[in-house]
Amino acid sequence: MRRFWHRLSGLSIVCNLSNQARLPHKLRTMPAPLLLTLYQPDIPQNTGTLLRLCACLDVPAAIVEPAGFPVSDRHFRRSGMDYLDEVTIARHDSFAAFEDWRRAEGRRLVLLTTKAATAHTAFTFLPGDVLMLGRESAGVPDAVQEIADARVRVPMKASMRSLNVAIAGALVLGEALRQVGWLESGVLA
């Protein structure tokens, strides 16, 4: 398997070049319908789990740095296992670098937050949406909340504070992929 790294304007991208070769020709140029973004993740096991999810669903991921752990951390590698070789990961040096990239791409930022009024199941996801998960310890700053084009939450029992970030990410990503037709596209077996 060949991989390449690209660094430009505060952005690093790791791509597995073998993924595209396995797709039917028609789909090789099909852009990924969504991007799962982790804002300054604190817990390597959650990050590894979410990257494994992205690998299994063929969805690219992004990490807005700084992360609360080194990427080479053994827990991060253990959670992601060999699946990390199957996911495209963009790393942004800062939220400002991420936001510059997102605006240039014209993509909508959908923030997953317990503070949202709209349930993820009542929201209409669109191809190109960027789904952002906040830090496990603190979510995202108010400034990021204000920049988000939309905010969604996973409905849950009122007496509970929050779900694990990896579980919330999986629930919302699954619903978003269903809505944009990715699950029926033939890319996934």
Legend entry - Sole exception among (1) surrounded by fewer than 16 Cβ atoms within 10 Å (Cβ to Cβ); (2) among the aliphatic types (A, V, I, L, M); (3) within 17 Å of the chain's Cα centre (by Cα); (4) farther than 12 Å from LEU34 by Cβ for ALA138, by number: (3)
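For (1) at pLDDT 95 or above; (2) under 17 Å from ASP42 (Cβ atoms), each residue gets a yes or a no:
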{"residue": "ARG91", "(1), (2)": "no, yes"}
{"residue": "SER94", "(1), (2)": "yes, yes"}
{"residue": "VAL140", "(1), (2)": "yes, yes"}
{"residue": "GLN145", "(1), (2)": "yes, no"}
Legend entry - LEU163, sole failed condition from (1) under 18 Å from ALA62 (Cα atoms); (2) touching a Ser or Thr at 6+ places or on another chain (Cβ under 9 Å); (3) not hydroxyl-bearing (Ser, Thr, Tyr): (1)
Legend entry - Members of the stretch 123-148 found to be farther than 17 Å from ILE167 by Cα and in contact with a strand residue (DSSP E or B) (Cβ under 8 Å, 6 or more places away or on another chain), listed by number: PHE123, PHE125, PRO127, GLY128, ASP129, VAL130, VAL140, VAL144, GLN145, ILE147, ALA148
Legend entry - In the stretch 169-189, the residues that are part of a loop (DSSP other than H, G, I, E, B) and either among the aromatic types (Phe, Trp, Tyr) or surrounded by 15 or more Cβ atoms within 10 Å (Cβ to Cβ) (or both): VAL187
Inset, instruction - Select, from LYS157, LYS115, the only residue that is free of Cβ contacts under 8 Å to residues at least 24 places away in the same chain and either over 20 Å from TYR39 (Cβ atoms) or in contact with a helix residue (DSSP H, G or I) (Cβ under 9 Å, 6 or more places away or on another chain) (or both). - result: LYS157
Inset, instruction - Might you check whether a residue that is hydrophobic (A, V, I, L, M, F, W, C) and more than 11 Å from ARG153 (Cβ to Cβ) occurs anywhere in the stretch 115-125? - result: yes
Inset, instruction - Would you tally the residues in the stretch 157-168 being in a helix (DSSP H, G or I) and either of a type in the set (Phe, Trp, Tyr) or over 16 Å from SER137 (Cβ atoms) (or both)? - result: 1
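A quick yes/no check of all residues on (1) surrounded by fewer than 19 Cβ atoms within 10 Å (Cβ to Cβ); (2) acidic (Asp, Glu); (3) modelled with pLDDT under 95; (4) closer than 20 Å to VAL165 by Cα:
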| position | (1), (2), (3), (4) |
| --- | --- |
| PHE69 | yes, no, yes, yes |
| HIS75 | yes, no, yes, yes |
| MET81 | yes, no, yes, yes |
| LEU84 | no, no, yes, yes |
| ARG102 | no, no, no, no |
| GLU105 | yes, yes, yes, no |
| VAL110 | no, no, no, yes |
| THR118 | yes, no, no, yes |
| THR121 | yes, no, no, yes |
Inset, instruction - Say whether the condition of being among the aliphatic types (A, V, I, L, M), out of contact with any strand residue (DSSP E or B) (no Cβ under 6 Å at 6 or more places or on another chain), without any contact (Cβ under 8 Å) to a residue 40 or more places away in the chain and at positive phi is met by at least one residue in the stretch 80-87. - result: yes
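The values are calculated or read from the model by the stated rules, or taken from the named source; none is laboratory data. Quantities reported herein were computed from a predicted structural model and do not represent experimental measurements. Heads up, the Cβs are rebuilt from the backbone with ideal geometry, glycines too, and the neighbour counts pull from every protein chain shown.
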